[in-house]
Each structure stands twice: as C-alpha cells, then as structure tokens.
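Have a look at the structure below, then the notes.
Read-outs throughout are calculated quantities, based only on the coordinates presented, and are distinct from any laboratory measurement. Fair warning: this is a prediction, and the values are worked out from it, not measured in the lab. All Cβ positions, glycine included, derive from the backbone under ideal geometry; neighbour counts span all protein chains shown.
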Amino acid sequence: QIAVPDEFFVGPFSVDSPGPGGVTSGVVLTRGGPMIIVGQPILTSKAEGPARGTLYFGRHVNDSLTARLAQATLSDLTLFRIDNSPLDFPTSLLSSREDTTALVKILDERHIAVYSKIDDIFGKPVLGLRISIPRETFTLGQEAVTSLVLVVLAVGFLIGGLFLWLLHNQILARVAVL
C-alpha cells in the first residue's frame, strides 16, 4: 500500500469526470514512476445513483512487471519512460501527428524490433515499448528457397546425366560402329 498520489485528485480521476462506462483506466506518471491504474465509481448494487467516491487500483511499472510480461509473451520486451528512452527508440514515433501506434525496424537477418509509445490518461506519451522478436517466417522462407534451389539443381543434374547416357548409348555408339 502506498499513499494516494496528488495526480489522482484532478482531471480524469475526479468523480465528476468518469471515463466511458464510468471506468477510468490507463497509465499515469507519478513521483514514484509510471503506474497502471483503473478506477471505478462506487455505486449501489444496481449501478445507480450518485457516486459515493471512486475505487482505484494501481500497479507500478517496474522491472518485475516487465519481466513477467516478457515471460508471458515469450519475447524480449522492454518498457521504459519516454524521457529516459534508449538510443535506438525512433523519435519519429513521438513527433508523429497521426495516430501511429507502432513502428517496425529490422535489426538483422534474424530479428526485428517493434516500437510503440504508450500515452497516459491525459494523452501525453509517457512509456515506450520495445519488443524484439525472431524473424521466424523470414528464416523459414529462406530455408524453403534454399531447399527448392537444391532440389532443382539435383533434378537438373539427374536429367542432364540421363540425357548424356542416352546420347552416348543410342546415337554415338551407333555412329561409332559405322
């Protein structure tokens, strides 16, 4: 348990401005770091009446949470604050006026990286996400093409050898006898 941050008493957190369906959720940057939150007004059992307050649950975005997400997705996942982003994070993702949600970058022949920004509940980018995944489809495609080329070459040599054998036995052998 932690004390409720001051950010929770204004804007989308106030009881007067609930989100869609009365639920407020998203990421907020607190003094303790980024936090994933969800809040719902406290209503009667029939979900009616004026709100008697708002119940919030939150979890800090830390290395433990990032490791659990990486394990669950079976990928190399990194969450970081935008103001402390790594050098390879594409700044074009931040300056984009359009709703660009992700950017894919080829790292090498075996891996690609997917970058995304996560906006807070106020609409400002606060978190960056980087997922590095193997290019399995690309690798399988390369292996299939290599196999196809080898099969075509083997069949070509086999047909060429058969053609030379037939040429020798059927035509050249008869000409040599004359």
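A few comments on the model shown:
- P(r) tail fraction, segment 101-178 - alpha-carbon pairs more than 22 Å apart, %: 62
- Euclidean distance between Cα centres, segment 106-147 to segment 35-52, Å: 38
- Phi-based couplings in Hz for segment 103-111 (Karplus 6.51, -1.76, 1.60; Gly and Pro marked x): 9, 9, 10, 7, 8, 7, 5, 10, 9
- Cβ-Cβ FRET estimate between Ser64 and Ile159, R0 fixed at 45 Å, reported to 0.05: 0.10
- The label-point distance for Ala176 and Ile36, in a model that sets each label 7 Å from Cα toward Cβ, rounds to 8.0 nm.
- Kirkwood estimate for segment 37-178, i.e. one over the average of 1/r between Cα atoms, Å: 21.4
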